[in-house]
Structure formats: C-alpha cells, structure tokens
Amino acid sequence: MFSSQNAFSCEQSLTDGRQISQRPLTHRIFQAAVTALLIAAEQQGMYKEQGLLIPGLLELLTETDAEPSDFCRSWKPVYLEALNTLQVAGA
C-alpha cells in the first residue's frame, strides 16, 4: 500500500497480474532508498537481498529497550551509509 492508491486493486494485481496505478513520488522515494541500501550493502560486502534489508531496518528504527539482534548490528553500517548517500543526494 506504500505506493498504490487502492489496496483492493493492489491485492487483485497479485491474483490476475493487472497493472495498478501508484503514487509516483512515493514510489521514486522507495526506489532511491532501496538503491542506496543495495549499493551500500554491495560496497561493504554484505548480502544484497531486499527481503533481509527491510526487517533489519525496521528493527533499527523501532525504539525499544531490547538489545538489537546480531543481524541488525551487522547491517547497521549499511543503513548508515545508505542514509548518508540519500542525505548527500538531497533525497
């Protein structure tokens, strides 16, 4: 739903493959963030799977008293580098 204007249409597209309209600005911001994360991960020799990036980022951004997982600690330099890249680019 982050880039789709209609949750029902998005769900339908999963079953029948139809194209759905998206929020262009939100989608571009997402693409820039993912690209920065993947580049930072590659530069630091980390695994470049998007599915693993998002849970670690969520854990990093969620303020809790819990100790961060080993996964989150190992990816923190990647997230910080990506954030720096996005800030320099003005994104």
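We did not get these values from a lab; they are worked out from the coordinates using the rules stated. If you're wondering where the values come from, they're calculated on a predicted model, not measured in any experiment. Note that we place each Cβ from the backbone using ideal geometry, even for glycine, and neighbour counts take in every protein chain shown.
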Subset of segment 3-16 (residues that are part of a helix (DSSP H, G or I) and either hydroxyl-bearing (Ser, Thr, Tyr) or touching a helix residue (DSSP H, G or I) at 6+ places or on another chain (Cβ under 6 Å) (or both)): Ser9, Ser13, Thr15
Complete set of residues in segment 17-39 that are part of a helix (DSSP H, G or I) and without any contact (Cβ under 8 Å) to a residue 24 or more places away in the chain: Pro24, Leu25, Arg28, Gln31, Val34, Thr35, Leu38
